[in-house]
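Data block below; observations after.
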Amino acid sequence: MDEYRVTTPVKDFSGEVAGVAFVKGEAVTSSGPALAYFRSAGYGVEHIPPHPPPVEQDPAALPDGAKVEVVKDQGDPPAEGQDAEPNPEAPEVVEDQTEEAAEPEQAEPPKRGRTRAPKEPTA
């Protein structure tokens, strides 16, 4: 649906009119009834042209030194709970094999029974 930029007769007006929120005198809407009201009440109404689809550029037509980056569409991510297929172009992930990455040693569990406090040294 086409969108329209609407400007208020009162510069910098912020608020809602005909269900459309204005900020600093401007709003964007596609509502037919609201647009009809705005036109009849003296608001500025301007059609916003849709964005054209991206155009493939011929590298020969680019200025010297310009580069074209080609990005492959990887598609949608897998749905939750589904495994993704491996990407053969992805870097290999290797687990850290350093000693810091090893699991820490488990401390011995405390001994049961009575324990004595260490004797204090005598001087």
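Just so it is clear, none of the values below were taken in a lab; they were calculated from the coordinates. These numbers were taken from a predicted model, which means no experiment stands behind them. Quick reminder, even Gly has a Cβ in these numbers, built from the backbone with ideal geometry, and neighbours come from all protein chains shown.
For a quick check: with amide H placed at 1.01 Å from N, whose amide H comes under 5 Å from Phe22's, ignoring anything fewer than 5 positions away on the same chain? Distant-sequence amide H within range of Phe22: Gly15, Glu16, Val17. Each of Lys11 and His47 was given a label point 7 Å from its Cα along the Cα-to-Cβ line. The distance between the two points is 2.9 nm.
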